[in-house]
Amino acid sequence: MTDSVSGGRGLFGVSGSGDTSGFGGLVRRTRVPASLGRPVGVEEFDEVLDGLAEALSGGERTEDEVEPAFASFDEVIERIVVDRGELTLHVKPEAIADVCRTLRDDEGLRYELCSSVSGVDYPAQDRRLHAVYHLTSMTYRRRIRLECAVSAEDPHLPSVTEVYPTADWQERETYDMFGIVFDGHPNLTRILMPDDWEGHPQRKDYPLGGVPVEYKGAEIPPPDQRRAYK
């Protein structure tokens, strides 16, 4: 089951304009998977959701386990999505570090590895900037995706580096490319662009051309002014 939002622009379909970027031609409907309630009907996913709900509500704990700051599953999870055989939880931004810690430490979950932190920009949404976390349980051989959405005006998220040290450079890259600020990161600096670079190149409103090239004294012309060879 999916919801659809019209107005998305694809990469291809341009001809005769001299535009070498591939943008601006194809308009297509954007496929948005519908949010589900519990249970979702997939045994493995329901086990994970039930285990997370129990852990967040203060289920059985050992003496060294820290109780999360949030009281219930519904308080921290905004959406549950199952699409293409994968489970995605949309987490309230302020809760992401606590949810990650719970997923890592709970005996029935054990998502020990954060393999990726990346960004996505959906300009049509009020909270357009999304941080996406891919977690793996090596104990139970399971994967889960977490997603947090923030606005461009207030692009702040708690860092998860204390929970997953692998997120260190990944959060830096997401900050550099999308401008998402990870509060509490030990050294949140640019990692791909020069320190004094203005803007975040993977935001959808970042110019495709006409940006001066650092150190070379040259300038990339906008795509519709480039020479197209046929």
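The values are calculated or read from the model by the stated rules, or taken from the named source; none is laboratory data. This structure is a prediction, so every number in the text was calculated from the model and none was measured. Quick reminder, even Gly has a Cβ in these numbers, built from the backbone with ideal geometry, and neighbours come from all protein chains shown. Side chains included, ligands, DNA and RNA excluded: accessible areas come from the protein's heavy atoms. Shrake-Rupley method; radii C 1.70, N 1.55, O 1.52, S 1.80 Å.
The fraction of accessible area contributed by carbon and sulfur in the range 137-196 is 48 percent, rounded to a whole number (1.4 Å probe; ligands and nucleic acids excluded).
Counting charges near His185 (Lys, Arg +1; Asp, Glu -1) among other residues having Cβ under 9 Å from its Cβ returns a value of -2.
For the range 131-147, 3J(HN,Hα) computed residue by residue from phi via the Karplus equation (6.51, -1.76, 1.60; θ = phi - 60°) reads 9, 10, 10, 9, 10, 10, 9, 6, 5, 10, 6, 10, 10, 8, 10, 10, 9 Hz, glycine and proline entered as x. Take the range 35-208 with all the other protein chains still there, run a 1.4 Å probe, and you get 52 Å² of accessible area per residue. Using R₀ = 41 Å, calculate the FRET efficiency as 1/(1 + (r/R₀)^6) where r is the Cβ-Cβ separation of Ala53 and Met193; round to 0.05. The formula returns an efficiency of 0.50 here. In this rough spin-label picture, where each label sits 7 Å from Cα along the Cβ direction, the Tyr140-Ser115 distance is 1.7 nm. Positive contributions from Lys and Arg (+1) and negative ones from Asp and Glu (-1), summed over other residues with Cβ under 12 Å from the Cβ of Asp121, come out at +3. Note on Lys204 and Glu86: the extension gain reaches 39.9 nm, defined as 0.36 nm multiplied by sequence separation minus the Cα-Cα distance.
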